[in-house]
1. Please enumerate the residues belonging to the range 1-24 that are open to solvent by less than 30 Å² (accessible area, probe 1.4 Å) and within 14 Å of the ligand (Cβ to nearest atom).
2. Return a yes/no flag: does the range 69-78 have any residue that is under 23 Å from residue 137 (Cα atoms) and among the charged types (D, E, K, R).
3. Find all pairs meeting these conditions: Cβ atoms under 8 angstrom apart; at least six residues apart or on different chains; first residue within the range 1-25 and over 14 Å from residue 133 (Cα atoms); second residue at pLDDT below 95 and part of a helix (DSSP H, G or I).
4. Looking at the range 121-146, which of the residues that are within 30 Å of residue 54 (Cβ to Cβ) and of a type in the set (Lys, Arg) is farthest from the ligand (Cβ to nearest atom)?
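The values are calculated or read from the model by the stated rules, or taken from the named source; none is laboratory data. Nothing here was measured: the structure is a model prediction, and the numbers come from that model. Positions of Cβ are generated from backbone atoms using ideal geometry, with glycine treated the same way; all protein chains shown enter the neighbour counts. Quick note on the areas: whole protein, heavy atoms, side chains included, nothing else; ligands and nucleic acids left out. Shrake-Rupley method; radii C 1.70, N 1.55, O 1.52, S 1.80 Å.
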Amino acid sequence: MISVTSKDFFDTLIADFIVSSEKVAHVQLGNNAEHALLVLTKTGYSAVPVLDMKFRLQGLVSTQMITDSILGMDHIEYERLPDIKVDDVMDLQVPTIHQGENFQRAMDLLINHNFLCVVDDEHTFVGILTRRVIMKQLKKYLYQPH
Ligand code: AMP
């Protein structure tokens, strides 16, 4: 069992473990669903952030949200992709975290999400924190002698 001595692990700040914004694939508000699907398919990511022109986080868009929006009665209506804006299909409920927060808060959120978007006080996108990175740190921590 993880003991109370792991307090220092939970107190670790997330700042050093963020994938910075310039390395994160994203789409922009106003982009169409065809472009978003291309980005998602080419990168292989399940979801990517949607940013506005000032780089502020507006939502998340996933392959599933896009295909869901073009589901017809008996076929997928791919021809509609250019006419659909990511603004209309994206999820507005984005799990976010600030650079000054710690692993405890991150782990609480990462139970239900694959990754978190890191934003500053103006909601400007700073990067992402993935579940994989935190799991790696936890594994390192548990296997090292204390
Ligand atoms: P991973 O733990 O690396 O598999 O990443 C989990 C999820 O985080 C991916 O499916 C993406 O939705 C997102 N993600 C990770 N890295 C990036 C990146 N460089 N750009 C955009 N999204 C990412």
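1. From the range 1-24, those open to solvent by less than 30 Å² (accessible area, probe 1.4 Å) are 6, 9, 14, 21, 24; that's our starting set.
Matches in the range 1-24: 21, 24.
2. Kept after step one, since they are under 23 Å from residue 137 (Cα atoms), are these residues of the range 69-78: none.
No, the range 69-78 contains no residue that is under 23 Å from residue 137 (Cα atoms) and among the charged types (D, E, K, R).
3. Listed pairs, sorted by first residue: 2/142; 6/141.
4. Start the filter on the range 121-146 by keeping residues that are within 30 Å of residue 54 (Cβ to Cβ), which leaves 121-134.
The next check asks that each one be of a type in the set (Lys, Arg); those that pass are 131-132.
Values: 131: 6, 132: 3 Å.
That would be 131.
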